[in-house]
Amino acid sequence: MKRRCVIIGSGLGGLSCGVILARHGYEVTLLEQDARIGGCLQCFRRGAAKFETGMHFIGSCNEGEVLWQLLHYLGVWDDLQLSPLDASGYEEIALRGERFRLAQGREAFIETLAARFPAERDALCRYFDLVEQIATTSALHAMRRGGADLAILAEYQMRSIDSVLGELIADPLLRDVLVGNLPLYAAERGRTPFSTHAFITDFYNRSAFRIVGGSDALADALARVLKRCGGRILTRSRALRIRCDAMGARGVETADGAFHAADLVISTAHPRRTLEMVDSDRIRPAYRNRINALRNTTAGFTVYLRFREGAVPYRNSNFYGYTTDSPWGCESYTEESWPKGYLYMHTCHEAHPVWARCGVVISYMSIDELTPWLDTRVGHRGEAYEEFKRRKAERLLEVVERDFPGLRQQVEAYWTSTPLTYRDYTGTEGGSMYGVVHDVQAGAGGRVSHRTRIPNLMLAGQNINSHGILGVLVGTLVVCGDLLGSGTLYHEINEANHG
């Protein structure tokens, strides 16, 4: 008889786990509280305008690269159309009145920055070599079996980004440029591991793309594969309780009163949300307290822009603007100093667009600013909340206008989301952008294992490994490799890509 697997959450982690396990004979039921699947892969429409909510661009999709391999293995590559970002500057960083471009590939990356910082050429070489060394010593990130240098990984998981850069790079401006895209992972000075920076830098430096038409194409493609393998997806099915007995988890009860029996339960919800659903003596108070005490990354405020037709040239790069002298510390602000920084991107509505149709601007925001509305729900927060969002949006657009004069008058309409929006749609703690913080100061106690004390209850998604498309998929491989054997998965990935 098939083993029954119930997965909570239909984001990338839930869908990818479902696909792999369904292929291996599991009877998979995926529960999604929303009316639509996808989690942070979701997009939404306002008339003809379509906006990304979380997965704005992806990396390492050239032939043979890690995400290319994983998307082939999951059976969705042929369903996606990708548009490359500018290899000569896929990221642009504005600091202290200058603009700096991060180019793809070792030589281009080093030469582009060395043109501005010639005395740091050798240091840039050492920096890039270290980034590559760390990225390739992880067997899962490099997608090869064996050969992981655990000593190097361990060292740079426990050393902060700024401490390592302080040893490698003499010029403080160059150090700040190298972390100019830190909103991609909400890095914090003295806390975020250099390994996190290395994995993300390597991932996007190899190649970077936007998904034409929106990242929901990936969610839809995974859902089709899952259904072809016999899995089922139930939307509007909010998991309410994970029922357990002395032996383990026995299934999931949903808010509509249904019960879904299971031999295996995988939750991609935030670990705190998952533990709220579990009433079992196997979950010790000390473990609950540790999970509840984990720090989460900062949250964000987003303005979604619809441009006038033919008014704004399409930018195939991401722009990071700062009103302060450093990218560090933007999560700490006052009413007067906000926003200290922002990320501005266009969405890719067609292959090779000339004009942008839509764009987004994202800046850090603490959920503490939303205290008056913490007990409200989407669509029922009142006029004071709407006025708060309008005031913040106009302030943010004023700052963007300094870097892009005339942009504001080309905006036909805009919409906004706050940390409360993300909290209510994704269930993440405090509307956090990326879930549980990776913190060198917390050590091993700050990490969340995919396994729980309940033997057949496992965790997946961005909180058990790392955020972003690669981090979540590596987490999926950790979970499914535990169940099926990592050797089995490596063999299947190799077969899918090389025959």
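When the residues of region 210-237 are narrowed to those that are among the charged types (D, E, K, R) and in contact with a strand residue (DSSP E or B) (Cβ under 8 Å, 6 or more places away or on another chain), which ends up surrounded by the fewest Cβ atoms within 10 Å (Cβ to Cβ)?
232
Considering only residues that are crowded, with 22+ Cβ neighbours inside 10 Å and part of a helix (DSSP H, G or I), which ones fall in region 404-419?
Residue satisfying the conditions is 419 alone.
On the given criteria, is residue 108 on the phi < 0 side of the Ramachandran plot, surrounded by 14 or more Cβ atoms within 10 Å (Cβ to Cβ), at pLDDT 95 or above and among the small types (Gly, Ala, Ser)?
Answer is yes for this residue.
Test residue 54 against the stated conditions and say whether it is surrounded by 18 or more Cβ atoms within 10 Å (Cβ to Cβ) and outside the structural domain of residue 457 (by TED's automatic domain parsing).
Against the criterion (surrounded by 18 or more Cβ atoms within 10 Å (Cβ to Cβ) and outside the structural domain of residue 457 (by TED's automatic domain parsing)), residue 54 qualifies.
Take the residues of region 390-403 that are without any contact (Cβ under 8 Å) to a residue 60 or more places away in the chain and closer than 25 Å to residue 48 by Cα: which is surrounded by the most Cβ atoms within 10 Å (Cβ to Cβ)?
The residue in question is 401.
Find the residue count for region 53-72, including only residues that are of a type in the set (Phe, Trp, Tyr) and at pLDDT below 95.
1
Would you tally the residues in region 218-232 being within 13 Å of residue 76 (Cβ to Cβ) and in contact (Cβ under 8 Å) with a residue 12 or more places away in the chain?
Going through region 218-232 one residue at a time, the tally reaches 10.
If residue 266 satisfies all but one of (1) assigned by TED's automatic domain parsing to the domain that holds residue 71; (2) in contact with a Pro (Cβ under 7 Å, 6 or more places away or on another chain); (3) not polar (S, T, N, Q), what's the number of the condition it fails?
So the condition that residue 266 fails would be (2).
Identify, please: which residue in region 452-480 is in a helix (DSSP H, G or I) and of a type in the set (Gly, Ala, Ser) and is, among those, surrounded by the fewest Cβ atoms within 10 Å (Cβ to Cβ)?
Checking each candidate, the answer is 468.
Which residues, counting only those in region 1-50, are modelled with pLDDT under 95 and in a strand (DSSP E or B)?
43, 44, 45, 46, 49, 50
The values are calculated or read from the model by the stated rules, or taken from the named source; none is laboratory data. The structure presented is a predicted model; accordingly, all values stated were derived computationally and were not measured. Here the Cβ is made from the backbone with ideal geometry for all residues, glycine too, and neighbour counts use every protein chain on show.
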